[in-house]
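A.B. asks: Questions regarding the structure given below will be posed in turn.
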Amino acid sequence: MAKLNLSVAVGDYDRTRALIDGNVQIDGVDPVYMTLVPEEIFFRAFRAAEFDICELSLSSYTVKTAQNNCPYIAVPAFVSRAFRHTSIYVRTDRIKKPQDLKGCKVGVPEYQLTANVWARALLEDDYGVKRSDIHWIRGGIEQAGRPEKISIKLPLGVRLDNAPEGATISGLLEAGEIDGFVAPRPPTLIEKGHAHIGWLFPDPTAVAKDYFKRTGFFPIMHVLGIRRELADRHPWLAGAVYKAFEQAKQEERLREARTLMGDDFWSYGVEANREVLDYFLAQHHGEGLSSRRVQVDELFHPATYETFKL
């Protein structure tokens, strides 16, 4: 039987590199790898399902799953995880602590980005800053006119407006027309060393360590998706993909991280991550991003829950 010739779009991470360079194979698959930035992968995947296997935004995937119209089914290989205390930038000449954000304007490239869901959740849980306390301004970070990949309907009380035509979030932040910015990528103003723009938390690593000690959550950003019609046609495919990505995973050998978070701090699989996934899904629905409360077991192909043991 000939192998399936499938397109695979993922970021170039230590966790995927063994697949990209061919050291780890997906059983039964002859892959064509494309290493792309997440923004491009997500745009093309959710607009036109262009890839057979690809990295997916957990938030966008949840939106589509709640609507029962997602072209992909996920496997629990979490190729991107990050603490999002480093994703909140502010005008440091105005904002000194999280509570100062109440009543302020804060920019976002897209409201429903996974990183932004996590950032808003920690602001509310730990500092009492609710989503409705902030006036959200949506626009491209460096290029004007960035749209939401997926249409969303926010609850009453949450104000989200588009940036003025032709304006960027970086430009508004520099001009002082907004007070902060939340996104997975920093604005170029940070690289340029703007005197009054920086992290909300002066030492975000320390705050993230405390967050993990209190919650046990290492936030999940991205899952891995397989085009649903392919997974239905080939029942062995989801298990083969999960097996390969598990084998390829190269954990960062950071002694400090392993001491704080355990040996398998970058865990794959549903059961090892059920609590953090359930928390995210509750937050996502509570924000009005998912039209119904999605359950953890709706997200993943059933073939990825168990593997053989010798």
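The values are calculated or read from the model by the stated rules, or taken from the named source; none is laboratory data. Since the structure is predicted, the reported quantities are computational estimates derived from the model, not experimental observations. Because the Cβ atoms are built from the backbone with ideal geometry, glycine has one as well, and the counts that use them run over all protein chains shown. For accessibility, only protein heavy atoms count, side chains too; no ligands or nucleic acids. Shrake-Rupley method; radii C 1.70, N 1.55, O 1.52, S 1.80 Å.
A.B. asks: Given the condition open to solvent by 70 Å² or more (accessible area, probe 1.4 Å), at pLDDT 90 or above, of a type in the set (Ser, Thr, Tyr) and within 22 Å of the chain's Cα centre (by Cα), answer yes or no: does some residue in segment 183-205 qualify?
C.D. replies: yes
A.B. asks: I'd like to check which helices (runs of 4 or more DSSP H) are fully inside segment 219-303 and have at least 3 residues that are aliphatic (A, V, I, L, M) and surrounded by fewer than 20 Cβ atoms within 10 Å (Cβ to Cβ).
C.D. replies: 255-261
A.B. asks: Turning to a different aspect of this structure: Out of curiosity, is Ala167 more than 22 Å from the chain's Cα centre (by Cα) and open to solvent by 30 Å² or more (accessible area, probe 1.4 Å)?
C.D. replies: It is false that Ala167 is more than 22 Å from the chain's Cα centre (by Cα) and open to solvent by 30 Å² or more (accessible area, probe 1.4 Å).
A.B. asks: Another question about this same structure. Just give me the residues in segment 258-304 being in contact with an Asp or Glu (Cβ under 8 Å, 6 or more places away or on another chain) and among the hydroxyl-bearing types (Ser, Thr, Tyr), in sequence order.
C.D. replies: Tyr268
A.B. asks: Would you be able to say whether some residue in segment 77-91 is more than 19 Å from the chain's Cα centre (by Cα) and open to solvent by 30 Å² or more (accessible area, probe 1.4 Å)?
C.D. replies: no
A.B. asks: Filter segment 1-31 down to the residues that are open to solvent by 70 Å² or more (accessible area, probe 1.4 Å) and either farther than 22 Å from Trp266 by Cβ or in a helix (DSSP H, G or I) (or both) and list them by number.
C.D. replies: Within segment 1-31, Met1, Ala2, Lys3, Asn5, Arg17, Asp27, Asp30 meet the criteria.
A.B. asks: Name the pairs: first residue in segment 143-170 and over 19 Å from Ile88 (Cα atoms), second residue among the charged types (D, E, K, R) and assigned to a loop (DSSP other than H, G, I, E, B), Cβ to Cβ under 6 Å, at least 6 apart or on different chains?
C.D. replies: Glu148/Glu110
A.B. asks: Can you tell me which residue is nearest to Arg81 (Cα to Cα) among those in segment 168-217 that are aliphatic (A, V, I, L, M) and outside any helix (DSSP H, G or I)?
C.D. replies: Looking at residues that are aliphatic (A, V, I, L, M) and outside any helix (DSSP H, G or I), I get Ala183.
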